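*Asks:* Here it is, the structure, as structure tokens.
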Amino acid sequence: MIVLVLPDITTDEETLARARTGDEEAIVAIYHRYYDPIYQFCRLRVGDPLAAQDLTSEVFVRFIKAMKRETAPRTSLRGWIFRVARNLIYDHYGREAELPIDTIDQWLSSDIETDPEVQALQSIQVERARRAISMLAPSQQEVLLLRFDQQLSLQETAEIMGKQVNAIKALQFRAVNTLRQILRDMDVEEPTS
Amino acid sequence: MIVRDDLVDALEICIDRINQGESVQTVVADYPVFAKQLRPMLEAGLLLPRSRFPADVVSAAATQGEARIRATVSDTFAAGTNWLAWGLALLFIGAGVSLFIFILISNQQQSAAPPPVLTNTPTLTLAPTASATLSPTATYSPTATSTPTVTQTPTQSRLPQVLPASETPLPSRPGLTIIEGPVSQINGNVITIFDREITLAEDDPLLPAIQLQDIVRIESANKSDTIEAISITLINVTVVVSGDQFWRSDNCNVPPPVWAQSQANAWYARCTPQRPADAQPGGRNTGHDDDDDDDDD
């Protein structure tokens, strides 16, 4: 399983302080630090690789302009960037856009596994996950992506999705529970063993 | 479905702990009551992080976008620096212009202030000796006094002035020069002060009364080659002029004539033990023997 290394908050603040003064290297460092999670987030939502690339770049362009206007966040940079990405996606594809199936099909298993049997099993599990996730409501897909995939906190997820923390907590529960039920139903219909 | 709040909370805590690196087994063990429900939910959720877009695709996209980011940084912050520089420049220019206008207005107000030059209208006097009457005399107080005792002769085209002692010399005005000093030479209607020749009007009634070493204050107009006096004030002696006659207060042996007695308070105070009662206008001694605070010596 891939383990995302969360940005160090202290380093973030120092880099952010430098970036606010127009330090190009600091801004580029932030760009590289957050490009991957933002791209992954956008790519899952919009499907098209080029559109995801453009959206991700636009997120950072807005970040730079916000730094200039001093409207950029002084803390929780990660939450702020994800919120901008989400708003851009909504502007382009609407709020109710579901995860495109073809996008999900492009997911790859990150685990490096040499055992062919284990590889085959993982491949089946990933396929199940893709199909199960695509059956969730868009808000449920989003909360799972933010909480499990991007490993954002409940508070950050709430800020990004513009909801109360308790609402996110309940949404998260429904999403996980629904996903479990879908997987269980799949097991009944297509037993893997 | 009825969901217990503590199950929802337990799921939330478990997700956080798993995100921090703990295993499903470990976190579920802390919630034995909900273990059968939590385990499949967490395992379902953990299917997501296993699925990622290829790192090389993401890395290539990041590299392609970096140039745009650097260009945006340069454009955004370079433009901002220019605006800041322009803003500061405008601020300084504005401050300079404001200062210039302020100084200009202040100078104009000073220039516009009426100079204490006597006109043909008799000036008021505070002293009872204010024979600022129509008596055709002109008096020069030895020093500036707070009670101008100046009268005028209607025939004079230029009148002397008396400045209150407390006043500082007149500020210079464009084309106007004030010279004060001892008279070192008299040549007709030209007197010399500090090696500067000053031309007085030939019919100036004070001209005959001016003597060498008199301290004279002259306000003059600058001409191209000469200095012409506009107003004359004798500082160290009181001079009273009546027609062709004049009387100076600096000689105790020369008492003031009748027409000068009203202006001779200082002379009486200095040269006589007691001033004649009739020397005061109206025959009253007001006690203001010497209203000026000068040094009549």
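*Asks:* Is there a simple number for the mean count of other chain Cβ atoms within 10 Å of the Cβ of residues in A:132-141, and what is it?
*Replies:* That works out to 1 on average.
*Asks:* Something else: Among A:124, B:18, which comes first, then next, by fewest other beta-carbon atoms within 10 Å?
*Replies:* Fewest-to-most ranking of A:124, B:18: A:124, B:18.
*Asks:* Return the long-range amide H neighbours of residue B:228 (sequence gap of 5 or more, or a different chain), with a cut-off of under 5 Å between placed amide H atoms.
*Replies:* B:199, B:221, B:223
*Asks:* Using label points projected 7 Å from each Cα along Cα→Cβ, tell me how many nm separate residue B:251 and residue A:87, to one decimal.
*Replies:* The modelled label-to-label distance comes out at 10.1 nm.
*Asks:* Got a sec? How would B:199, A:21, B:233 order by Cβ neighbour count within 10 Å, fewest to most?
*Replies:* With the fewest neighbours first, B:199, A:21, B:233 line up as A:21, B:199, B:233.
*Asks:* At residue A:51 and residue A:137, where each label point lies 7 Å from the Cα along Cα→Cβ, what is the point-to-point distance in nanometres?
*Replies:* The modelled label-to-label distance comes out at 2.3 nm.
*Asks:* Which far-off residues, 5 or more places away or on another chain, put their amide H under 5 Å from the one on residue B:180, with H placed in the peptide plane?
*Replies:* B:218
*Asks:* Additional query: Could you give the size of the charge dipole of segment A:9-93 about its Cα centre, using +1 on the Cβ of each K and R and -1 on the Cβ of each D and E, expressed in debye and rounded to the nearest 20?
*Replies:* That gives a dipole near 300 debye.
*Asks:* Also, quick follow-up: Find how much the distance from residue B:46 to residue B:74 grows on full extension, using 0.36 nm per residue of separation minus their present alpha carbon separation; answer in nm with one decimal.
*Replies:* The span from residue B:46 to residue B:74 would gain 5.9 nm if fully extended.
*Asks:* So how do A:68, B:36 line up by other beta-carbon neighbours within 10 Å, fewest first?
*Replies:* Ordered from fewest to most neighbouring Cβ atoms within 10 Å, A:68, B:36 come out as B:36, A:68.
*Asks:* Let me understand segment A:9-93 better: what is its radius of gyration from the alpha carbons, and its Dmax, in angstrom?
*Replies:* 12.4, 35
*Asks:* Once you place label points 7 Å from the Cα toward the Cβ at residue B:60 and residue A:13, how far apart are they in nm?
*Replies:* For residue B:60 paired with residue A:13, the spin-label model returns 4.0 nm.
Each reported figure results from applying straightforward, stated rules to the coordinates on display, with no laboratory input. Small disclaimer: the values here were computed from a predicted structure and weren't measured. Because the Cβ atoms are built from the backbone with ideal geometry, glycine has one as well, and the counts that use them run over all protein chains shown.
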